[in-house]
Amino acid sequence: MKLLTKFFSKDKKMKIDFCEKNLDRFVTNDLFSQYQSLLNKRNIIYKEYECQNKCKECIKSPYAIVDGNFIDAESSEELLDKLKQLYEEM
């Protein structure tokens, strides 16, 4: 019964980790409020790290680590869309 309760729980959390340098490099002021709106949602836990030792990826494109999975995109807008989609699917 405990397993079913956990499976159908509405309190599922999404953990998102960012690299500060990557955010500074790719997220523009125009998109900042949109990112902030998503990250302030009740079931999202996020953290910014000074460095995540993913320098090759960090230089190339915006990325985030969502629940332990590496998610990258061609642009910060695309990354935001991917994060929104993952949030809606949880």
Would you mind computing Rg(Cα) / (2.2 N^0.38 Å) for the chain, counting N as its residues?
1.16
Looking at the chain only, what percent of DSSP beta bridges run antiparallel? Nearest 5 please.
50 percent
Mind checking the dipole of segment 13-89: about its Cα centre, +1 per Lys or Arg Cβ, -1 per Asp or Glu Cβ, Debye to the nearest 20?
260 debye
Would you mind calculating the relative contact order of the chain from Cα pairs under 8 angstrom and at least 6 residues apart, reporting the percent as a whole number?
35 percent
What value, in deg cm²/dmol to 500, does the helix sum -39500 (n - 2.57) over DSSP H runs of n ≥ 4 give at 222 nm once divided by the residues of the chain?
-13500 deg cm²/dmol
Taking amide H atoms as placed 1.01 Å from N in the peptide plane, list the residues 5 or more away in sequence, or in a different chain, whose amide H sits under 5 Å from that of residue 49.
18, 19, 20
Using alpha-carbon coordinates, inclination of helix 29-39 to the longest axis of the chain, degrees:
20 degrees
Neighbourhood charge, 13 Å Cβ-Cβ cut-off, centred on residue 27 and excluding it, Lys, Arg +1 and Asp, Glu -1:
-4
Leaving out same-chain residues fewer than 8 places away, which lysines sit with a Cα under 19 Å from that of residue 13?
2, 41, 47, 82, 84
Under a 5 Å amide H to amide H cut-off, with H placed in plane at 1.01 Å, what residues pair with residue 44 once short-range neighbours are removed?
14
Between the Cα axis of helix 76-89 and the main Cα principal axis of the chain, the angle (0 to 90°, nearest 10) is 0 degrees
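We did not get these values from a lab; they are worked out from the coordinates using the rules stated. All of these numbers come straight from a predicted model, not from anything done at the bench. Note: ideal-geometry Cβ built from the backbone for every residue, glycine included; neighbour counts use all protein chains shown.
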